[in-house]
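Everything on this sheet refers to the single structure shown next.
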Amino acid sequence: MAAPSSPRKPRGPMMLELESVDSYYGKAQVLSDLSLTVGAGQVVALLGRNGAGKTTTLKSVMQLVRPRAGRVTFRGQDITRLPSYKVARMGLGYVPEERRIFTDLTVLENLEVGRQPARDGSVAWTQGMLFDLFPNLAERRHNRGKALSGGEQQMLTIARSLMGNPALILLDEPSEGIAPVIVEQMARIILQLKTEGLTVLLSEQNLHFAQAVADAVVIIEHGSAKFAGSLAELKAQPEIRDAYLSV
Amino acid sequence: MGLFIAQLLTGLANAGALFMVASGLSLIFGVTRVVNFAHGSFYMLGAYVGYTLMQVLPGAVGFWGAILLAGLIVGLIGIIVEICVLRPVYSAPELFQLVATFGVILVIQDLTLMIWGPTDLLGPRAPGLKGVVRIMGEPVPQYDIALIVITPFVALALWYLIARTRVGTLVRAATQDREMVGALGVNQAWLFTGVFFLGCALAGLGGALQLPKGGADLLMDFSILASVFVVVVIGGMGSLPGAYLAAVIISVLNVFGVTYLPQSTLVLMFVVMVIVLMVRPFGLLGREEVAGEHGQVGEPERPIRPAGTGVRLLVAFLLALLASVPLLGSNFYNVLITDILIFCLFAASLHFLLGQGGLVSFGHAAFFGGGAYVAALLVTYAGTPMELALLLAPLGAGLAAIVIGWVCLRSTGVYFAMLTLAFGQLLWSLAFQWGDITGGDDGLVNIWPSDWASDNVVFFYLALVLCVGGILLLRHAAHAPFGYALRAARDSARQAEATGINTRHVQWVAFTFAGTMAGLAGGLFVFSKGSVFPNELEIARSFDALIVVFLGGVKTLSGGWVGGAFFESVKDVLTRFEYWRLALGLLIIFVVIVAPDGIVGSLRKLGERLGWLRGERELR
């Protein structure tokens, strides 16, 4: 196993910081001593194989999984062990891998559940703005969640999180299980969110997708970070890619 | 024709209170996933509080104001219960929540008794609505008409709240995925509390509204509980229109039943429920519960292992101690310990079903009482000797379990629990209403053991052998391959199926086995007491067993009989006090929150901490 390269701090003010986080499911340890940072306005891709701990990392940020050790800081404030709803209200949007839209609720009602008052320094999203960003959803606003296609459901999950006017959005495997043409659309949307000033932390297995959207990459394996750096740095070290990402 | 319409109207009027209580229960279940057993108690509180307010507030304004205030006050009491009792157990397994709300029932029962006394209260009549309206010549009380008009408005207001407001949207979202709602920034704790307030307020409103028709008494809580469960299950858990539809069906059916089939009013309701669930396992308008939606909660189960030498010696010592009880020469102790032994076997049989099978049955008394009635009927009508009756009691209960299990195991989780409850009530109402055969409320008496066993000491040894034998047999089954298959079905039905286990079949056999053992306990019970009454089949008896299993520790192997022995001994002491229900209720709530592992589980943990027992880790 290659020696982990020292996680380098990105430029600019820090948005999110994980310090030596340990997380468990019951007695099984998933994250061990995981540290990573996300700078304001960055798109960071969390890469790693199946079971490396990507989803658990995002859940540990949201406090849906409570870290047993370590610290999570968001905009300089310690959010470890806060209830999830407080974490969300501080400006963290969470888009789970299984989407988890409310299938019995209409598109509009799904958005309503996500609505939170605007905070200083973040975009104040309205339904209109979201329907501009996701035109498919506009057509289907009165449809129930279960009537949507996989891609539409994925769009709805993102739109629902944006209704909370987050400063940082956590996307768990946004390219998984949707048609290639939608994957392209997804990449465009992520880049657009970035231009709106949002910070994005996304987990990915698909290196190509990550390359299309991310500024920086964190590679995790067995629940700890093995590499952190820019895309260019990752390209310069193909042995890292081979060790942690190739199947 | 006039009579028909008048009866239809009475049925519709009765549906009002039933709908309000049922919709409250349904709402609470939908969001919190807690089946609130104490919901009948909030209904009862609504009636008592409403009664007191009506004494104070004058005139028509006072009457209707009292009803609204009663709803509000009961809602606020609900908030206290939610914060103190339910919040600590939301993340605990289903059974813990049920037991906790059962503790609430006991507490409310005694508090009501303390405040309002034991006498039934006659509800005041509504000012201005004291007369009757003649419809096609038949008298219909004006108040009934008022109820028929009011109920749809309450239903409509409720529908508007749920379907059209932001709070309602959040409630519906939380019904589907409450964790996600939290992750979107909604404070679930207050959402839960709010829903609990609303649900309890509805129950209180229902209780106060029916005052002019039924008054207030201390049995209201249990008497409405069964109907409410039936309504919620027929309508579909979490569906408001379903609750309304089912409330109307059940109420109308009851009114017609009283007229045309007076012997079967109680039975009818449960028969309808069973039929509906066989056709639509999730109720008329219910949504299918997705398997594994809520996942396994709480600590993972520990693998069971055969008793070590120490435990065996301890058991042998205890048995020797038990066998020497008659040496005390006290008839009182002989009889008391016999009762305890019988109850231990009953508890152990439910514990097997619950702990090994993961099947939460609310109607296990059906088999205990069933066995008791089989024996009693055989003795009364066929002059069957005790030996044969004791053999046929478990067989009869086992046969009943085969049939009931076949129906109930078609559904899972809460629906399974409700179905077992319904069958328990079905048998109870048969025993209660079929007076010509079963003696009804007077029960069957003069059922005594054969001459050789009529001495207390001899019967004690007979009970000792049969009960300990039954408990050991249950324990043996847990260690047999059958027990492994049963636990596999409990922990992951899908994977068990994939390894070739017919999970439904295995559970069916377990259900029958547990029923048979409960029947044996029931048979012994009859000969010990010399009589049997319908209350051996009651919900309360099933709950006794559930509480015992819980107190002993569900996730242990010996929790059933240990809990049984503890409960029966404590009950013997407790029931000497006037407000023993209050004490027992508080004890139950305390155990649920503080020591959820039960007696055996807590002792085991203590032993491991002190180093007396080997922990799980060291065994690997």
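The values are calculated or read from the model by the stated rules, or taken from the named source; none is laboratory data. Bear in mind that the values here come from a model prediction, so they are computed numbers and not experimental data. All Cβ positions, glycine included, derive from the backbone under ideal geometry; neighbour counts span all protein chains shown.
Return yes or no: is A:GLU98 without any contact (Cβ under 8 Å) to a residue 12 or more places away in the chain, within 11 Å of another protein chain (Cβ to nearest Cβ) and surrounded by fewer than 20 Cβ atoms within 10 Å (Cβ to Cβ)? Give the derivation first.
Values: without any contact (Cβ under 8 Å) to a residue 12 or more places away in the chain: yes; within 11 Å of another protein chain (Cβ to nearest Cβ): yes; surrounded by fewer than 20 Cβ atoms within 10 Å (Cβ to Cβ): yes.
Against the criterion (without any contact (Cβ under 8 Å) to a residue 12 or more places away in the chain, within 11 Å of another protein chain (Cβ to nearest Cβ) and surrounded by fewer than 20 Cβ atoms within 10 Å (Cβ to Cβ)), A:GLU98 qualifies.
What residue, among those in region A:217-239 that are of a type outside the set (A, V, I, L, M, F, W, C) and buried (at least 18 other Cβ atoms within 10 Å of the Cβ), is nearest to A:ASN50 (Cα to Cα)?
Of the residues in region A:217-239, the ones of a type outside the set (A, V, I, L, M, F, W, C) are A:221-224, A:226, A:229-230, A:233, A:235, A:237-239.
Then drop every residue that is not buried (at least 18 other Cβ atoms within 10 Å of the Cβ), which leaves A:221, A:223-224, A:226, A:229.
Values: A:GLU221: 9, A:GLY223: 11, A:SER224: 14, A:LYS226: 15, A:GLY229: 21 Å.
For region A:217-239, the residue satisfying everything is A:GLU221.
Filter region B:236-265 down to residues that are modelled with pLDDT under 90 and under 20 Å from the mean Cα position of the chain (by Cα), then give me how many there are.
3
Keeping to region B:166-177, report how many residues are more than 7 Å from every other protein chain (Cβ to nearest Cβ) and crowded, with 20+ Cβ neighbours inside 10 Å. Steps first, answer last, please.
Of the residues in region B:166-177, the ones more than 7 Å from every other protein chain (Cβ to nearest Cβ) are B:167-168, B:171, B:174-175.
Among the residues that remain, those that are also crowded, with 20+ Cβ neighbours inside 10 Å are: B:171, B:174-175.
Total meeting the criteria: 3.
Give the residues of region B:524-573 that are of a type in the set (S, T, N, Q), at pLDDT 85 or above, out of contact with any helix residue (DSSP H, G or I) (no Cβ under 6 Å at 6 or more places or on another chain) and part of a helix (DSSP H, G or I), sorted by residue number.
Restricting attention to region B:524-573, the residues satisfying the condition of being of a type in the set (S, T, N, Q) are B:528, B:531, B:535, B:542, B:556, B:558, B:569.
Checking the rest, the ones that are also at pLDDT 85 or above come to B:528, B:531, B:535, B:542.
Now restrict to residues that are out of contact with any helix residue (DSSP H, G or I) (no Cβ under 6 Å at 6 or more places or on another chain): B:531, B:535.
Selection gives B:ASN535 alone.
Kindly provide the set of residues from region A:75-89 that are facing chain B (nearest Cβ under 9 Å) and either within 18 Å of the chain's Cα centre (by Cα) or under 20 Å from A:LEU111 (Cβ atoms) (or both), ordered by number.
Looking only at region A:75-89, we keep the residues that are facing chain B (nearest Cβ under 9 Å), and these are A:83-89.
Matches in region A:75-89: A:SER84, A:TYR85, A:LYS86, A:VAL87, A:ALA88, A:ARG89.
Can you tell me which residues in region A:170-185 are surrounded by 22 or more Cβ atoms within 10 Å (Cβ to Cβ) and outside any loop (DSSP other than H, G, I, E, B)?
The answer is A:LEU170, A:LEU171, A:ASP172.
Restricting to region B:179-196, and then to whatever is crowded, with 20+ Cβ neighbours inside 10 Å and in contact (Cβ under 8 Å) with a residue 24 or more places away in the chain, can you tell me which residue is farthest from the other protein chains (Cβ to nearest Cβ)?
Here the answer is B:PHE196.
Considering only region A:138-164, how many residues are in contact (Cβ under 8 Å) with a residue 12 or more places away in the chain and over 25 Å from A:LYS194 (Cβ atoms)?
First, the residues of region A:138-164 that are in contact (Cβ under 8 Å) with a residue 12 or more places away in the chain: A:140-146, A:148, A:150-164.
If we keep only those that are over 25 Å from A:LYS194 (Cβ atoms) too, we end up with A:140-146, A:148.
The number of residues fulfilling the criteria is 8.
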